Amino acid sequence: MPEPAPSILKLRRYSLSVDLRDAIAKVTATTGKGSARQGLEILAVALGRQRLRAEDYYQYGLWRPELSPDEKTAFVSTLGGQSINQRLSPVDRMGLYGFTSNKLLTGLALRSAGLPTQKPRALFGVGPEIPEAERLESAADIARWLRKDGSLPVFGKPLHKSLSIGAASYLSVEDQGKSVRLGTGAVVSIDALSAEIAVNFSDGYLFEPLIIQHPDVEAITGPAVGALRVVTLREPDGIRVLYLAQRLPAVGGMTDSANLNAPFSEALIDGETGRLIRVQDMDHMPPDRLEASHVTGKPFAGVVLPFVREAQVIACEVHGLLVGAGILGFDFGLTKSGPVINEVNSNPHHSFFQRSGDRGLMNTDFKPRINAAIAYARSRQR
């Protein structure tokens, strides 16, 4: 029986995990710890309050003897980070999640408040009628719209997916209307692409203008948009930024997530200056750090991102409107004219900070703030 043809779009999560055999060998060569000693240390973090996995032990560099016990216990697992998020946003959290997980709904609400978001160009599948966006009812409608003069270039994304599943940039029509050129440079059949969207994303697929990044950002990301992640925290004295990270797309990627197991990277950003503090390849272990862009080759030393202060102001303003949220993650595209909100996440993944900053989320600076914010969230329920 012939194997099915490979998908055009990313339809599943690509995992960038550390090769455990290589990791064990590297730790042994670096520290002298054998596999048995490493196994005991992994067991300790797995059974402790952190509930960390073996991959966490290697990806976060918990094997390093120079880390103090407090530095090691500051790292949280994926589930641990989600638990913190839930305690920070206990009021009608599912309603908040339903709002932020619908990319169309989020964009419409924010734009109606005068905040910078992309205007929808066309919508396929489940969703409201929007005067400014063409309604697409079938694969044939998608194909017709992509071929229509003036439709491209656009960016397409499902309404309810994460990790860049289904997301792609569509640049130009080729082959007398038979094909479309993707952001990767690949030229694919419009009919096959449209059928794939219709089959996999019947609950909504959105086309919107392609974000053109500021040249200083594109110098390190390449043409694929790398989002500036701004995480905000509702504290007793108001909403403040917890941390910032810039996502750097993989080589050949159309988004800033994993691309066919090619490494993407995360950069910790200084909130005052916009300077890149430290960059981590997501498929490498610390203390290794990335010194130059995989895509463009530009060194990271001295790079300062534009509009970082403006993005933080917008993020805090939006967080102020969502009164039930204790923590939010905002993804911004940084254009020539300023930051544009791409997504709002009510359950941000803190591995972005922990990997790029080589520091646990519950570090000595953040832990008091997060605990105070959790206590404040509880007090608001009484």
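Here are a few things to note about the model shown:
- Once segment 198-219 is narrowed to residues that are aliphatic (A, V, I, L, M) and modelled with pLDDT of 95 or more, the residue that is surrounded by the most Cβ atoms within 10 Å (Cβ to Cβ) is VAL217.
- Scanning segment 171-194 turns up one or more residues that are among the acidic types (Asp, Glu) and not in a helix (DSSP H, G or I).
- Output for segment 292-320, where each listed residue is touching a strand residue (DSSP E or B) at 6+ places or on another chain (Cβ under 6 Å) and free of Cβ contacts under 8 Å to residues at least 24 places away in the same chain: ALA292, PRO299
- Just one of the listed residues (ASP149, ASP203) is in a loop (DSSP other than H, G, I, E, B) and without any contact (Cβ under 8 Å) to a residue 24 or more places away in the chain, namely ASP149.
- Residues in segment 46-60 that are buried (at least 21 other Cβ atoms within 10 Å of the Cβ) and out of contact with any Lys or Arg (no Cβ under 8 Å at 6 or more places or on another chain) were compared, and the one that is modelled with the lowest pLDDT is GLN50.
- Single condition PRO306 does not satisfy, out of (1) more than 14 Å from THR221 (Cα to Cα); (2) touching a Gly at 6+ places or on another chain (Cβ under 9 Å); (3) at pLDDT 95 or above: (1)
- Taking the listed residues SER151, SER89, SER194, the one that is among the polar types (S, T, N, Q) and under 30 Å from TYR376 (Cα atoms) is SER89, with no other qualifying.
The values are calculated or read from the model by the stated rules, or taken from the named source; none is laboratory data. Fair warning: this is a prediction, and the values are worked out from it, not measured in the lab. As a convention, Cβ positions derive from the backbone with ideal geometry for all residues, glycine included, and neighbour counts pool all protein chains shown.
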